[in-house]
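What follows is a single structure, written as structure tokens, with notes after it.
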Amino acid sequence: MNYGFVKVGSAIPSLKVADCKYNAEQMLPIIADAGEKGVEILLFPELGITSCSCGDLYRYPTLLRGAQDALQTLLDATQSNNTIIVVGAPIATHDALLNCAIVMHRGKIVGAAPQYYTPTTGESSLKRWFTPAADITAKQVEICGEQIALNKQQLFETPQCTFAIEFGSDLMAPVPPSTIMALNGADIILCLASHCEAAGKYNYIKNLCTMQSARCTSGYIYASCGYGESSGDAVFAGNSFIAENGSLLATGERFATNSRVTISEIDIEKIRHDRRSDSAFADARRDYSSQSVAITRIEQEPCNSTLERTFSAKPFIPEVGLKERCTEIFNIQAAGLAKRIAHTYAATCVIGISGGQDSTLALLVTAKAFDMLGKERKEIIAITMPGFGTSSRTYNNAHKLMQSLGVTIREISIKAACIQHFADIEHDIDKHDVTYENSQARERTQILMDVANKLNGLVVGTGDLSELALGWATYNGDHMSMYGVNASVPKTLIQHIVREIAESSNDATTRETLLDIVDTPISPELTPADNQGNIKQKTEDLVGPYELHDFFLYHTLRNAYSPAKIYFLAQQSFNGAYDDETIKKWLKTFCRRFFAQQFKRSCMPDGPKVGSCGLSPRGEWKMATDTCSALWLAECEAL
């Protein structure tokens, strides 16, 4: 697998209070199974060797010796296991008792991280027994007969990633240690916890872990005590979370009586890309990096395993909250256009309506902007411009849409003008090449611009993010406008926005028209229809499926993934929908067009940003027009 992924696990064993031998025996099958699955880092809960409910028994040598014996059992059994194992145990120095995370690899202890902030209240009240890291004077501690260095700030570095450790009480602090350790290079934070349950607490902790992963631009793994802990005054559900940069990747079953492990993969490549791209992270690193951080190197071999984490085939489409997302984007578009109308004192907006999804959304946005400004929709000039390839379906839908929205309707055929133009430039009208197609697109744009000039208006652009990425627009034709409201909305999302607006409409005709527009094949309609008047020129037959291109686009812009990694993820995400050769074919097309068509994006009109991906040359995407695609295409050829 690799591709920058590190497979991690949050393990919740079923324990017995103070029975260290039993607890170690419960951990061993989990460790063995994780090793077989290629888990590279496996985390157990706080004080998992003894359980977290031992109370005053933590002070007793019998329990402490039992903990050491149990740790030795784990060491002896894991000498051939490549997994890095992190378990919680009480460790005594000459003058203090420490709540530690013990880091093991291939039968050896490679480090011990003490709890930084020890709580004095709550279910644990651990300060009754344990000394916090800030008060530790010892530089070393003996564990299983070996002297292990003690460091208050410690990183563990493998060839694949760098990780650090904190405890549940540390996570609750105003400035968790993980914040500082992330700024010093920790890609992943491991959190050993002993949080008991209370109504509403689960979501609070889950959100805290997820947001800490976002704040640290890191992976975050959380494991808390579960079944087998004392239920005298508290219940422990055994919560486990795996998060990455603000996204919750996996959660474990709660209140289970059996041992279990939650597994996912942390994308180290993505984390490091995001950090390099974030000037705020770099500034914070400058202010809070520490020279006192100790680094322990662990020579772990890469694990060969399958990818268990899933990636959405439609990354621009949220899996939850789609209606809210569509509404929010629609309002952003409308607010941007409203500001531009007010700023330019435009008397009207002029927009070309084709009966396709893009122009439909642009018209809906324009109507919303006029509503926001208190302007009459009749002041919107909607122009349908039938040409040689216009189908009856799109023509009729364009008229129905304009009528239902109450805008001013104009129809201007481009046929006569294009025939005259073909004669002027001596082009054979029966030769349906790029000149034939682009002449029509530019004629339509000329009409819109001139009408806008005549009426002191503003031309609203209809082109979307997917078309900009592929350069699927005629230069100085549909490529140009005075404000492009769809410029950062991808094709796969546009249909959902239009559908949501349709389903929320109280007008049956509007709803029926919008839903039919969503179901109409995507086409520029620049070549004649077939004998039955149906659309003959289908964009996705020519340039490839937009759901594939939007997948490629998202991971190119948002994550800076290589073609090989995008191909690998597309194989997983589109399994059963497209075969490998089809994915490879359109990935090569995407890479070729994305680089070759930059010149169109270098002079694209203004338009509102609606998400994390955009191609505006004024801030979202900066690339020289003459950039060579050779490296990307060579990687595609090698797939």
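The values are calculated or read from the model by the stated rules, or taken from the named source; none is laboratory data. Computed from a prediction, not measured in an experiment: that's the story for all the values here. So basically every Cβ, Gly included, is an ideal-geometry build from the backbone, and we count neighbours across all protein chains shown.
Picking from Thr390, Thr360, Thr366, Thr384, which residue would you name as being buried (at least 20 other Cβ atoms within 10 Å of the Cβ), within 28 Å of Pro521 (Cα to Cα) and modelled with pLDDT under 95? Write out each step before concluding.
On the way: Thr360 fails: modelled with pLDDT under 95; Thr366 fails: modelled with pLDDT under 95; Thr384 fails: modelled with pLDDT under 95.
On inspection, the qualifying residue turns out to be Thr390.
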| query | Residues in the range 494-516: is at least one more than 21 Å from Tyr395 (Cα to Cα), of a type in the set (Lys, Arg), part of a helix (DSSP H, G or I) and modelled with pLDDT of 95 or more? | reply | no
| Just checking, which of Ala18, Ala11 is hydrophobic (A, V, I, L, M, F, W, C), surrounded by fewer than 24 Cβ atoms within 10 Å (Cβ to Cβ), in the same structural domain as Ala193 (by TED's automatic domain parsing) and not in a helix (DSSP H, G or I)? | Ala18
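In the set Gln72, Gln79, which member is of a type in the set (S, T, N, Q) and either in contact (Cβ under 8 Å) with a residue 60 or more places away in the chain or farther than 30 Å from Leu307 by Cβ (or both)?
Numbers: Gln79 fails: either in contact (Cβ under 8 Å) with a residue 60 or more places away in the chain or farther than 30 Å from Leu307 by Cβ (or both).
None of the other options fit; the residue is Gln72.
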| said: The conditions are (1) of a type in the set (Gly, Ala, Ser); (2) modelled with pLDDT of 95 or more; (3) in contact with a strand residue (DSSP E or B) (Cβ under 6 Å, 6 or more places away or on another chain), and Ala193 fails exactly one of them. Which is it? | reply: (2)
| query | Within the range 115-171, can you find the residues that are under 25 Å from Asp69 (Cα atoms) and among the aliphatic types (A, V, I, L, M)? | reply | Leu126, Ala133, Ile136, Ala138, Val141, Ile143, Ile148, Ala149, Leu150, Ile165
| query | Looking at Ile317, Ile268, which one is under 18 Å from the mean Cα position of the chain (by Cα), under 30 Å from Val459 (Cα atoms), surrounded by 13 or more Cβ atoms within 10 Å (Cβ to Cβ) and outside the structural domain of Ser481 (by TED's automatic domain parsing)? | reply | Ile317
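Residues being among the β-branched types (Val, Ile, Thr) and surrounded by fewer than 16 Cβ atoms within 10 Å (Cβ to Cβ): count how many of those fall in the range 581-617. Give the derivation first.
Going through the range 581-617, the residues among the β-branched types (Val, Ile, Thr) turn out to be 582-583, 589, 610.
From what is left, the residues that are surrounded by fewer than 16 Cβ atoms within 10 Å (Cβ to Cβ) are 582.
Total satisfying the criteria: 1.
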| In the range 618-638, how many residues are surrounded by 15 or more Cβ atoms within 10 Å (Cβ to Cβ) and either out of contact with any Gly (no Cβ under 7 Å at 6 or more places or on another chain) or not in a loop (DSSP other than H, G, I, E, B) (or both)? | 5
